[in-house]
Amino acid sequence: MTRKHFEALALAVSELDVTREDRVKVAHALARACAPFNPMFDTARFTIACMTPEDLASATVRGSGSLLDG
């Protein structure tokens with residue numbers, strides 16, 4: 001898979017009508033599935049790309065309920 005595939009997946013996740021917590025769960029699940037196909041895959045970058053601006057404004061990067069835990 002290439003960057004354009006990962007970008008398309010991240011956009012699709014960002015457009016889901018779900019809570020931030022559910023969007024993070026979906027992003028993490030997809031990241032686990034995608035990472036083996038590209039050694040340069042960056043799980044943190046992908047997870048952040050999956051978020052909406054509202055998600056990012058209300059999120060912590062690490063710690064309880066953060067985007068990158070999971």
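Leaving ligands and nucleic acids out of the surface, order ARG23, ARG45 by accessible area at 1.4 Å, largest first.
Largest to smallest exposure gives the sequence ARG45, ARG23.
Could you please put ARG3, ARG20 in sequence from largest to smallest accessible area, using a 1.4 Å probe?
Largest to smallest exposure gives the sequence ARG3, ARG20.
Take MET40, MET1 and sort them by solvent-accessible surface of the protein heavy atoms, 1.4 Å probe, largest at the top.
MET40, MET1
The values are calculated or read from the model by the stated rules, or taken from the named source; none is laboratory data. Quantities reported herein were computed from a predicted structural model and do not represent experimental measurements. Areas reflect the complete protein model, heavy atoms only, side chains present, ligands, DNA and RNA absent. Shrake-Rupley method; radii C 1.70, N 1.55, O 1.52, S 1.80 Å.
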